[in-house]
Amino acid sequence: MRQSTLALICGLILFVVLAYSWCGRNPPPQGNALLTTPTPTPAPSVTTAAPQATQTPPPEFRKVARTAAPAIIEITVFDAKGQLLRTGNAFFVSRDGLLVTSWTIVADAAHGVAKSPDGKIRNVTGVLASDQQSDLAIVRAETKVGVPTLSLTKNSESIAVNAWAVIIGSSLQHKDQPVAAGIITSLGADPKKDAFQISGAIPNDAAGAPVVDAEGEVVGIVTAAAKDGLRPSGLLDPLLAQAKSAGTGRWAAVPVESPAVSPTPTPKSARNPRVLYNPAPQYPYQTRLLRSGPTTGSGKFRVTFDANGQVKNVQVIESTGQGLLDSAAVDALRRWRAEPGAHEWNVLVPVTFQP
């Protein structure tokens, strides 16, 4: 009996040992497997993403933009009929009213005005010098008291790769200045003549605006073909020399007229025919809806009559400063009629608009 009991106890112990050994070989439960499986964390992928390129210039460029703003103007040009063609940027480089802009802005114009940030509107007398290949032009705005100006850099080292530069447009078009900024990324073989690039995106309406360095000096000009690069200010040197000896300048699209040339001498006793019908220009209602720009103004218009008393041409001599007002004046003056005469003649008509 004792032997059978001892055998039974030994059998139980052996069973327990075998059972424990068998359980040890089995894989751990699923819950433990989840703990041992590594889970990727999203944080590293976020921090290692390629950073977006920011084009925020150093803080001192804000002051540069504020200082330069009074010399950067909005130039508006019209065709021979007084119709608005386009508006762009320009900047003064001399106290007597020399302006630098893109040739494309003024190429086909017959008249233009320059509006400063302080609200002053000056007549632009025409193009003094231009370089169509580089898309640059020098024009003159009439001024009696002088204007604020920007200085052109005299040191080509200012145009250097990795140097900061900003584009400052007219504050009448963009309240936030500068309108573009970036580091200079590429240069041509000659920094004074070859176009260069900056890393920042350039707005489509920046043509004619100056590219300025940290010293507030102009190192380049934005042209209508900005995708081909910014033009270095060194290209302006020969144009400015030409402009200073060019007089008042001229517009390429001024209509071919000969108001001062008479085919036959006019006797001193002869008089111009009388104007029979002269409706006054009406104030255009669209002007009341404008959110910016002048809504009043005075201008001068030359009306040319043919021998039959019909209006042959109306030319804007001095703009009102607002394209809508100029167009209203031209439309009304085209309806004027005069007595038939022996030859063409013209009259200068002043027009003032008040709402």
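Among all residues of the range 301-323, there is none that is part of a loop (DSSP other than H, G, I, E, B), of a type in the set (Phe, Trp, Tyr) and touching a residue at least 40 places away in the same chain (Cβ under 8 Å). Kindly evaluate Leu128 against the criterion of being farther than 17 Å from Ser319 by Cα and assigned to a strand (DSSP E or B). Considered against the rule, which asks whether it is farther than 17 Å from Ser319 by Cα and assigned to a strand (DSSP E or B), Leu128 comes out as yes. All conditions in (1) under 26 Å from Phe301 (Cα atoms); (2) surrounded by 19 or more Cβ atoms within 10 Å (Cβ to Cβ) hold for Thr125, with the sole exception of (2). For the range 203-231, filtered to residues that are out of contact with any strand residue (DSSP E or B) (no Cβ under 7 Å at 6 or more places or on another chain) and among the acidic types (Asp, Glu), the residue that is least open to solvent (accessible area, probe 1.4 Å) is Asp205. Screening the range 269-292 for residues that are out of contact with any Gly (no Cβ under 6 Å at 6 or more places or on another chain), open to solvent by less than 40 Å² (accessible area, probe 1.4 Å) and not β-branched (Val, Ile, Thr) and picking the one that is modelled with the lowest pLDDT gives Pro284. Checking the structure you have, find out if any residue of the range 44-62 is over 18 Å from Trp164 (Cα atoms) and at pLDDT 90 or above. Within the range 44-62, none of the residues are over 18 Å from Trp164 (Cα atoms) and at pLDDT 90 or above. Looking only at residues that are open to solvent by 40 Å² or more (accessible area, probe 1.4 Å), in contact (Cβ under 8 Å) with a residue 40 or more places away in the chain and in a strand (DSSP E or B) in the range 84-114, which one is farthest from Ala224 (Cα to Cα)? Per the criteria, the residue is Leu84. Restricting the first member to the range 209-221 and to residues that are more than 19 Å from Ser134 (Cβ to Cβ), and the second to residues that are assigned to a strand (DSSP E or B) and of a type in the set (Gly, Ala, Ser), the beta-carbon pairs closer than 7 Å and six or more apart or on different chains are Asp213/Ala165. Answer yes if at least one residue in the range 186-202 is modelled with pLDDT of 90 or more, over 13 Å from the mean Cα position of the chain (by Cα), open to solvent by less than 20 Å² (accessible area, probe 1.4 Å) and not small (Gly, Ala, Ser), and no otherwise. Yes - at least one qualifying residue is present in the range 186-202.
Under the condition of being of a type outside the set (Phe, Trp, Tyr) and surrounded by fewer than 23 Cβ atoms within 10 Å (Cβ to Cβ), the residues counted in the range 154-177 number 16. Figure legend. Inter-residue proximity from the range 117-134: first residues within 12 Å of Leu239 (Cβ to Cβ) and free of Cβ contacts under 8 Å to residues at least 24 places away in the same chain, second residues open to solvent by less than 70 Å² (accessible area, probe 1.4 Å) and not in a strand (DSSP E or B), beta-carbon distance below 8 Å, spacing 6+ or different chains. No pairs are indicated.
For the range 342-354, taking the residues that are at pLDDT 85 or above and open to solvent by less than 80 Å² (accessible area, probe 1.4 Å), the one that is farthest from Leu290 (Cα to Cα) is identified as His343.
The values are calculated or read from the model by the stated rules, or taken from the named source; none is laboratory data. Note that the coordinates shown come from a computational prediction; the quantities given were computed from them, not determined experimentally. Methodologically, a virtual Cβ is constructed for each residue, glycine included, from the backbone with ideal geometry; neighbour enumeration extends over all protein chains shown. Side chains are part of the model used for accessible areas, which takes the heavy atoms of the whole protein and leaves out ligands, DNA and RNA. Shrake-Rupley method; radii C 1.70, N 1.55, O 1.52, S 1.80 Å.
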